[in-house]
Amino acid sequence: ILSDLSTWYIRRSRSRVSPEASDSDKKQCLSTLYNTLITLSKLLAPFIPFISEEIYTNLTENASVHLTQWPEFDKKDVNNLLISEMKQVRILVEQFHAIRKQHKVKLKIPLKVAGYNRKTKFSGELENVLKDEINVKELVATKKEQMQKWNVSFSNDNLLLEEGEARDIVRTIQKMRKDSGFGLTDVIKIELPVWPKQYEEYIKQNTLARSIEKAKEARVIKLDNS
């Protein structure tokens, strides 16, 4: 539950419930989470009756989880191939994070390309998940008969250092917005000592900033939304 639901599904679904997400995407994501929690509360009811009751009654208008039927599922709804491939994706993600740590390269710094060793290439959707999780722009699948799962260079030629700096600035500004009590739709002006000019528009778009101006210290200023 902690690994599959919380630190993977919910974390990866944040963008699907953001204000910019489509209504259908939000509905599908929240419906999956709702049904998972309802089923979970029923499965846990015999073992942790009070917590499962709290979860169930908070999510439904029904009297009690202890008055419901034991959950059932249809095997036709289970995509075993997808489950297996997603497990492999997560293993590769963990391995890549370990390699980054070994080379002291932070996750915020994107890489241009990396190769992974696998007999068959992942589907486009799963490969996008993999690229997003390890922060790599392009993946190349190889079929080498070797134990090493990754072929990657951490030389400066393969590191997008300025984009990493821009992402770090975005995270800092988002925290400053939150600490200042700004709303999700509040437009701001940013003041910074330095920033990568190539990614100025990226910074503005991802922080809802109208402009970036040079100053001695980083600061966010709320503007009139009109």
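The values are calculated or read from the model by the stated rules, or taken from the named source; none is laboratory data. Because the structure is predicted, anything quoted here is derived from the model rather than measured. Cβ atoms come from the backbone with ideal geometry, glycine included; neighbour counts cover every protein chain shown. Surface areas here come from the heavy atoms of the whole protein model, side chains and all, with no ligands, DNA or RNA. Shrake-Rupley method; radii C 1.70, N 1.55, O 1.52, S 1.80 Å.
Miscellaneous remarks
- DSSP beta bridge pairing in the chain, given as percent antiparallel to the nearest 5: 40 percent
- Rounded if a/c under 1.5, otherwise prolate or oblate - the chain, Cα gyration tensor axes: oblate
- Accessible area per residue for region 73-226 is 66 Å², calculated with a 1.4 Å probe on protein heavy atoms, without ligands, DNA or RNA.
- Charged neighbours of Leu208, selected by a Cβ distance under 9 Å, balance to +2 (K, R count +1; D, E count -1).
- Fraction of beta bridges assigned by DSSP in region 104-162 that are antiparallel (%, nearest 5): 35 percent
- Share of carbon and sulfur in the accessible heavy-atom surface of region 121-211 [1.4 Å probe, %]: 48 percent
- In this structure, the residue pairs whose Cα-Cα separation is over 24 Å, taken from Lys108/Lys149; Lys27/Lys137; Lys26/Lys106; Lys27/Lys112; Lys76/Lys149, are Lys27/Lys137; Lys26/Lys106; Lys27/Lys112; Lys76/Lys149.
- Helix-only [θ]222 nm of the chain, DSSP H runs n ≥ 4, -39500 (n - 2.57) each, per residue, nearest 500: -14000 deg cm²/dmol
- Counting Lys and Arg as +1 and Asp and Glu as -1 over every other residue whose Cβ lies under 15 Å from the Cβ of Leu192, the net charge comes to +3.
- Vicinal HN-Hα couplings computed from phi for region 17-34 (Karplus, 6.51 cos²θ - 1.76 cosθ + 1.60; Hz; Gly/Pro x): 10, 6, x, 7, 6, 6, 5, 5, 5, 4, 4, 5, 5, 5, 5, 4, 5, 4
- Length released on extending from Lys108 to Arg219, taking residue separation times 0.36 nm less the Cα-Cα span: 37.8 nm
- Net +/- balance of residues flanking Phe154 in space, Cβ distance below 13 Å, scoring K and R +1, D and E -1: +4
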